[in-house]
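Quick notes on the structure that follows.
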Amino acid sequence: MTKNPFKFGEIVDGDSFCNRTKEIARLKQAFTDSQNVVLISPRRWGKSSLVNESISRYKGKLLVSHTDCFGITSPEQFLEVYLKSVLKTESKLATVAKTVKEFLKNIAPYISFSVGESEEIKIGLSLPKGKFDDTEILTLPQRMAETKDIPFVVCVDEFQKIQEWPEGGKFLEKLRAVWQKHQNVSYCLYGSKRHLMSGIFNDSSKPFFRFGDTLFLEKISTNHWVKFIVDQFLGSGKKITEEVAILIVEGVRAHSYYVQYLCRLCWGNSEKVVTESIVRESFNQLLADMLSLFRAQTESLTRYQVNYLIAFISGERKMSSNRVIHHYQLGSPGNIKRIEKSLQDSEIMDFFTGVPELTEPYFEPLFRKHFIGNS
Ligand SMILES: Nc1ncnc2c1ncn2[C@@H]1O[C@H](COP(=O)(O)OP(=O)(O)OP(=O)(O)O)[C@@H](O)[C@H]1O
Ligand SMILES: [Mg+2]
């Protein structure tokens, strides 16, 4: 049986990866030059896949570690996870032992390592609170890169979380102070909260001001998607015209995750040819799949938030004007900022670019159906 070539919810690479050639070139250059990078985009537009794809073309020529701050709640926990990910770049137990002995003299007694069943190296850590020198841990990638004469890429995902931790601000200062001395490491910091990320890197009073080459990832353009979609269908024995592929991309507003999602449904729903009506049927299926998520997102909306969304989806943009406030019952002009902040915090809307947008492409059709009463 032929495999459905479309995938979502996981990192995509190789043939499943669409375009982004300019971004890949920029990241590759940064990684080999040990230039720091800041990568910012809303959720599921393709940060992880892009970083992975840029690195995968350099297998063996770069040392790479990944640390995800999602779920981490303190600097101590970060340091543990971070150290493990850096040590895991060593492929053999003997080299882990050597690295620990050489570069982590003070904390070596608190590290244990063994080989698991499938040959993977297991690292155990129990660092005594407040008694170890975090500089030793933070300097490790630089020491390893120097010794091996291979550039190190340290990836830290959801970096904006750090400032929420107790002592997070102080920890950011520490990170910056240590990291800026490293000549052979590229720190690739990324995150999905655009306003928070840009607050960290574009604010001159913050330690990470202008830390690296900052890349605001954009959506993949429709023509790149269309080519990708047509090729992926052809390669798996099915046909789709460019016009129908455009319908798919526009239906989900070129949002990476949902393009793959909708393509996957269309692929499953078609025999040999994807028609316009198959796209429509598949889109309805997507909406049905998203309904419980939509319900969860909207069940605790206040009356003001609902009214704001009705106004927005009805095409209004001058929210603070007397007419709109009165017609849609939005309270007072001062209320608008509060509503917008809450819609941004709950990730229903995004105001970052100055052109307000709904975050998820399923939201508008479902909102119309369930709150406005026309679809
Ligand atoms: N370049 C691409 N080509 C094709 N599909 C892509 C591409 N980038 C992302 N996608 C699709 O979008 C999904 C999400 O991508 P990815 O996990 O890389 O995004 P992310 O920005 O890291 O997401 P998150 O915010 O959840 O960490 C992938 O599973 C894939 O379906
Ligand atoms: Mg990711």
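The values are calculated or read from the model by the stated rules, or taken from the named source; none is laboratory data. Computed from a predicted structure; not experimentally measured. Note that we place each Cβ from the backbone using ideal geometry, even for glycine, and neighbour counts take in every protein chain shown.
Being more than 16 Å from ligand 1 (Cβ to nearest atom), without any contact (Cβ under 8 Å) to a residue 40 or more places away in the chain and surrounded by fewer than 18 Cβ atoms within 10 Å (Cβ to Cβ) is true for just one of Ala288, Ala311. Which residue is that?
Numbers: Ala311 fails: surrounded by fewer than 18 Cβ atoms within 10 Å (Cβ to Cβ).
Testing whether each residue is more than 16 Å from ligand 1 (Cβ to nearest atom), without any contact (Cβ under 8 Å) to a residue 40 or more places away in the chain and surrounded by fewer than 18 Cβ atoms within 10 Å (Cβ to Cβ) leaves just Ala288.
Give all pairs with beta carbons closer than 9 Å in which a residue from the stretch 354-375 that is within 14 Å of Asp289 (Cα to Cα) meets a residue that is buried (at least 17 other Cβ atoms within 10 Å of the Cβ) and among the small types (Gly, Ala, Ser); count only pairs at least 6 apart in sequence or on separate chains.
From the stretch 354-375, the pairs are Pro361/Gly251; Pro361/Ala254.
Can you tell me which residue in the stretch 195-225 is surrounded by the fewest Cβ atoms within 10 Å (Cβ to Cβ), limited to those that are out of contact with any Gly (no Cβ under 9 Å at 6 or more places or on another chain) and aliphatic (A, V, I, L, M)?
For the stretch 195-225, the residue satisfying everything is Leu196.
Just name the residue that is farthest from the chain's Cα centre (by Cα) out of those in the stretch 234-255 that are crowded, with 23+ Cβ neighbours inside 10 Å and over 20 Å from Leu366 (Cβ atoms).
Ile240
Determine, yes or no, whether Val51 is in contact with a strand residue (DSSP E or B) (Cβ under 8 Å, 6 or more places away or on another chain), hydrophobic (A, V, I, L, M, F, W, C) and within 12 Å of ligand 2 (Cβ to nearest atom). If you could, list the steps in order and put the result at the bottom.
Working: in contact with a strand residue (DSSP E or B) (Cβ under 8 Å, 6 or more places away or on another chain): yes; hydrophobic (A, V, I, L, M, F, W, C): yes; within 12 Å of ligand 2 (Cβ to nearest atom): yes.
So Val51 passes the test.
Within the stretch 336-369, track down each residue that is under 20 Å from the mean Cα position of the chain (by Cα) and at positive phi.
Answer for the stretch 336-369, where residues must be under 20 Å from the mean Cα position of the chain (by Cα) and at positive phi: just Glu347.
Among the helices (runs of 4 or more DSSP H) confined wholly to the stretch 246-326, which include 1 or more residues that are assigned by TED's automatic domain parsing to the domain that holds Thr359 and closer than 30 Å to Gly235 by Cβ?
No helices (runs of 4 or more DSSP H) qualify here.
Out of (1) on the phi < 0 side of the Ramachandran plot; (2) surrounded by fewer than 17 Cβ atoms within 10 Å (Cβ to Cβ), what's the single condition that is false for Gly373?
(1)
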